[in-house]
1. So which GluC sites (Glu not before Pro) in segment A:292-347 pass both tests, a DSSP loop state and at most 16 other Cβ atoms within 10 Å of the Cβ?
2. Roughly how many debye, to the nearest 20, is the charge dipole of segment A:63-239 about its Cα centre, given +1 on each Lys and Arg Cβ, -1 on each Asp and Glu Cβ, and no other charges?
3. Based on the mean of other beta carbon atoms within 10 Å per residue, what is the order of A:10-21, A:159-170, B:9-20, most packed first?
4. List the equivalent ellipsoid semi-axes of segment A:1-55 in whole Å, largest first, each obtained as the square root of 5λ for an eigenvalue λ of the Cα gyration tensor.
5. Please give me, ordered by residue number, the trypsin sites (Lys or Arg not before Pro) of segment A:143-236 that lie in loop per DSSP and have at most 11 other Cβ atoms within 10 Å.
6. In whole angstrom, note down how far apart the Cα centers of segment B:26-79 and segment A:78-122 are.
7. Please work out the FRET efficiency for the pair B:D16 and B:S60, using the Cβ-Cβ distance as r and a Förster radius of 25 Å; give the result to the nearest 0.05.
8. What whole-number distance in Å separates the alpha-carbon centres of segment A:151-169 and segment B:144-188?
Amino acid sequence: MLIKMAWRNIWRNKRRTLITIASILFAVLLASLMESLQKGAWGHMIKNVVNYYFGYVQIHQKGYWDEQSIDKAFALGDHLTALPAASSHIKGLAPRLESFALASTGNNTVGVLVIGIDPQAETRMTKLAERLQRGNYLAPEDDAALLAEGIAERLKLDVGDTIILVSQGYHGVNAAAKYPVKGIVRFGSPELNKQMVYLPLLAAQRFYGAEGLVTSLAVNIAKEEHVPPVVRALKRKLDPEHYEVMDWPEMMPDLLQAKALDSAGNYIVYFILYLVIAFGILGTILMMTKEREYEFGVLVAIGMGRFALGFMVWLEIILLGMLGALVGIAASFPVVWYFYVNPIRFTGDYAGLLEKFGFEPIFPAAFNAQVFLTQAIIVLVLTSVLAIYPVFKIKRLEPVHAMRGD
Amino acid sequence: MSVIIAKGISKTYDPDGMPVLALQRIDLEIREGEFTAIVGPSGSGKSTLLNIIGGLDKPSEGMVEVGGHMITELSDNELIDFRKEHIGFVFQAYNLIPVLTARENVEFVMLLQQRPKAEREARTKELLHAVGLDDKMDKRPGELSGGQQQRVAVARALAPKPAFILADEPTANLDTKSTENLLDIMAELNREEKITFIFSTHDQRVINRARRVITLVDGAVASDEKRD
Ligand SMILES: Nc1ncnc2c1ncn2[C@@H]1O[C@H](COP(=O)(O)OP(=O)(O)OP(=O)(O)O)[C@@H](O)[C@H]1O
Ligand SMILES: [Mg+2]
């Protein structure tokens, strides 16, 4: 009965109810869209940077990540190649030997990252072969290089041309060699696009003078939520005196920090948005409470307990809020879905600016139930708090006064 | 048997430092089955008196006993329960819950009393029949005339089988025909069902139908006339 009364009371003043619902709808829509776009953009970026190159988890020799020196390379022993047995979430390992080098064609020189890879393991994990624009993918026995598109452009190289690489190898060995360009790959992340040069692992080991050594083992994991158990399993297996097991937030604290900062900016916007909505709802509540004072007086006079009456009014406001949230979510669904399927793609100057900062100018929306749920919870909490006012009023209501209008 | 015994009740309102003496040392006894009108000029204290004997308001002095309960001793929440169980109210206007139908309005008080569903439904039908509204049971107050609304209010007041019904100017907003109609119903309930009615009024037609008339002037009883 209370629920029935609450529901009917909501529709007593249709216009006011619709305005309130519309304002909540608007807030929910805006907040869900912003949140989805933000989550989506970061998810996309992390996927690019993390999954498509670094991997969610890497194993190095202890201290490698801080120094990033090829001198910290380690032998790829059997106890390491057997690691995938440690957890069912590990899909495989991608061994890498990497260091910085100078790449040139005689006239032009650029700094690059030369990475020796196991071509099969690498493409299983990072789908490198699918990024091929021209030419062919590497084979394990090749003595050839795969260039990121940005480097090819800078050095005006194409498939079949020769690239000269110069670096300092393992323990100071001179490393210099030339390789035919076998293929050109393109990365979404501009950062990767202008520095990646791949060699087959054997060729890289010869180049760096590091026979049988690797600098890192990227662990192939399908889903981000599998990261913590995998890290735990690996840490159990590996001697912490010799190896470090790092997940992506540990490897890239900057990325995580930037994400947190960006989220904080959004939270301020949500806060203001909901504050405005809250004042709107409060206005509705104040008017409603004033208008119905006489009616509340009658109800208490004929024997309705203040608690039951307060609960009914509270329920009304919560129902109103939930209605707004529900309609808002229903409206957000297709909008967010649209941007999930058709990512926002920036072009022109703004795209250039984003690329400069290492962002790919594509912003797909995340389609995540949690985003919508969060909005519903915010509205629920908000209305519950605002509904305290009439409940408080009713607690102190004197029927005689209420009915006299004073 | 007396259903109401009030002794020495005074009421002083002091809203903003200007004390108003609304009732002065009133003694009153109402017996079961009475059909009593409380009359008097505006501001003479009629509403205040009804509110106090109905447990809606508390006197500044004096005591009120209703059906053996010393209601002047009850706490606020006990008073709510007391009203729910023992008293039927009919106010001047806007008695009904606008979002409930006539049937639901009558049923509502019995719901508060947690009466079984079958009893509620049977009694609601019976009461709405008694006030001549069989065909308006599923209408909301907004779809009823003022007189019909007051009849629903009487039915609702009767629903919990109260010791008596208090009606504060129940006909003030009604036309002559509706007034007569409502009075017929109240008089019949009084005669047939021995329901005790106490109402305040300015209306001479209503006063004429009363069997006891208590006149208040300046918060004191000026006359008390029985007509049996
Ligand atoms: N809540 C209150 N606060 C202050 N004064 C009040 C209050 N209620 C009643 N009064 C005063 O007490 C006196 C009696 O009021 P009451 O409402 O009982 O008169 P009444 O006989 O019912 O008048 P009416 O015929 O206009 O309904 C009046 O002077 C009124 O102004
Ligand atoms: Mg009055």
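1. Working: sites: A:E293, A:E295, A:E316; in loops: none.
Here no loop site has a sparse enough neighbourhood.
2. Values: 19 positive and 20 negative charges, 73 e Å.
The calculation lands at about 360 debye.
3. Values: A:10-21: 15.2, A:159-170: 17.1, B:9-20: 12.7.
In descending order of packing, they fall as A:159-170, A:10-21, B:9-20.
4. Numbers: eigenvalues 391, 34, 3 Å².
Whole-Å semi-axes of the equivalent ellipsoid: 44, 13, 4.
5. Working: sites: A:R154, A:K156, A:K178, A:K182, A:R186, A:K194, A:R206, A:K223, A:R232, A:K235, A:R236; in loops: A:K156, A:R186, A:K194, A:K223.
Filter output for segment A:143-236: A:K156, A:K223.
6. So the separation of the two Cα centres works out to 93 Å.
7. Numbers: r = 17 Å, r/R0 = 0.67.
For R0 = 25 Å, the calculated efficiency reads 0.90.
8. 100 Å
Read-outs throughout are calculated quantities, based only on the coordinates presented, and are distinct from any laboratory measurement. Nothing here was measured: the structure is a model prediction, and the numbers come from that model. Methodologically, a virtual Cβ is constructed for each residue, glycine included, from the backbone with ideal geometry; neighbour enumeration extends over all protein chains shown.
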